[in-house]
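Worksheet: one structure, shown below.
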Amino acid sequence: MNQDAARLDQSENQLSRDREALAQNQRERTQAARPALEPAPAFNLNRAIENPSRAEQALPGLFAASRPQVNSLGQTIGKFIDVTA
């Protein structure tokens, strides 16, 4: 009876190893059957930075230099005003 129990344990161990090997083979087969991923096309960095023409480089009117603003005392606003008493 002890021999039968030992052989049963060996058979169960062998069965679990065989199942694991089968699962591993199936994973490898499905991975090999998948199409290989194609690498992304290489970027052409020669045109990555475009230099616009001079006309396109001009600032819009919103950012163009405007005339300085003057307050009621005739002083330019936005600059340091030297006031001496």
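The values are calculated or read from the model by the stated rules, or taken from the named source; none is laboratory data. All of these numbers come straight from a predicted model, not from anything done at the bench. Ligands, DNA and RNA are stripped out before the accessible areas are found, and what is left, the full protein with its side chains, is counted by its heavy atoms. Shrake-Rupley method; radii C 1.70, N 1.55, O 1.52, S 1.80 Å.
Data for the structure
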read-out: Of all residues making up segment 1-39, the number that are of a type in the set (A, V, I, L, M, F, W, C) and open to solvent by less than 80 Å² (accessible area, probe 1.4 Å); value: 4
read-out: Scope segment 47-65; condition open to solvent by 100 Å² or more (accessible area, probe 1.4 Å) and either modelled with pLDDT under 75 or in a loop (DSSP other than H, G, I, E, B) (or both); matching residues; value: Arg47, Ile49, Glu50, Asn51, Glu56, Leu59, Leu62, Phe63, Ala65
